[in-house]
Amino acid sequence: MAHSDSHVSCFPEIIELNVGGQLYVTRHATLTAVPNSLLWTLFTQRLPKDLPTDSKGRYFLDRDGILFRYILEYLRDLNLVLPEFFKERGRLQKEADFYQLHELSKRLRPAVSKDNSLAEDVVDPEEAALAGALSRASISTTPSTETACHASTFTSPVPRSPLQGKAGYITVGYRGSYTIGRDIQTDAKFRRVARITVCSKTSLAKEVFGDTLNESRDPDRPPERYTSRYYLKYNFLEQAFDKLAEVGFRMVACSSTGTCAYTSNDPNEDKIWTSYTEYVFSRE
């Protein structure tokens, strides 16, 4: 026991962590709150010099930095309250398993129903009600000739699911830069920035783009709130346009701006321009 205590005394009371690029500052007592967990082992059974650090001297863990906030929250009081409609339970459970937080992992496991099938982790009551209403309508009614005619002219060849009926707007933004050389007749060098931003109601963005949506910059936004901080995990505009068309959106507006980001008094140097374009899509 004396050996373990000597290791504990080597660590400062306040610990700085770099977890997958996300920075955290917490107490040593918080990290070691659960005996025999991985963090308890690292910060009580090891010496500080034995742990990997980043260039600033912060202890480094090569794990999901966004989800670590929930791990740390659990360690503070051994309780965890997740945001409403939290959709990362499976990934968070894997993180809990990695950190050897067995009680937390047990809480995160999906419930098992009587027929031995896994229950859904998250159900949006508004979407469930909408799905049920449309399902009942499809049983009790048949489309008229006029309705069928209009449906045949719809731009999307993919059948609409019950959850593809929410009206709303989605704005897709795209930033790029290009270089114009001394000879204006030569081809401009265009460089795309690998980020397509998405601005809309949170639930609408998740419905349309699903797993291809990166929510890391605004992870806890409620479903009925608006956000401008989401972006896509790919950088092809056409891929985003195809997805929007498949679920019934059509482009209603577009705007673009361009500014000279860098210029020099030296006539032999190239000028660098940046452009930002927004495409507004609507579904009625």
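The values are calculated or read from the model by the stated rules, or taken from the named source; none is laboratory data. Note that the structure is predicted; figures quoted are calculated from it, not measured. Neighbour counts run over all protein chains shown; Cβ positions are idealised from the backbone, glycine included. These accessible areas exclude ligands, DNA and RNA; they are computed on the full protein's heavy atoms, side chains included. Shrake-Rupley method; radii C 1.70, N 1.55, O 1.52, S 1.80 Å.
Quickly rank 24-37, 49-62 as a protection proxy: mean count of other C-beta atoms within 10 Å, highest first. Please report the intermediate quantities before stating the final value.
Details: 24-37: 15.4, 49-62: 12.6.
Order by mean packing, descending: 24-37, 49-62.
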Original post:
Which of Lys56/Lys106; Lys56/Lys87; Lys87/Lys166; Lys49/Lys87 have a Cα-Cα distance over 30 Å?
Top reply: Lys56/Lys106; Lys56/Lys87; Lys49/Lys87
**OP:** Using only the Cα atoms of region 29-79, build the gyration tensor, take square roots of its eigenvalues as a ≥ b ≥ c, and label the shape rounded, prolate or oblate: rounded if a/c is under 1.5, else prolate if a/b is larger than b/c, else oblate.
**Re:** oblate
Original post:
Over region 25-104, what percent of the accessible surface lies on carbon and sulfur atoms, probe 1.4 Å?
Top reply: 49
**OP:** Starting at the first residue of region 23-29, write each ³J(HN,Hα) from the Karplus equation 6.51 cos²θ - 1.76 cosθ + 1.60 with θ = phi - 60°, in whole Hz, x for Gly and Pro.
**Re:** 9, 9, 10, 8, 8, 4, 5
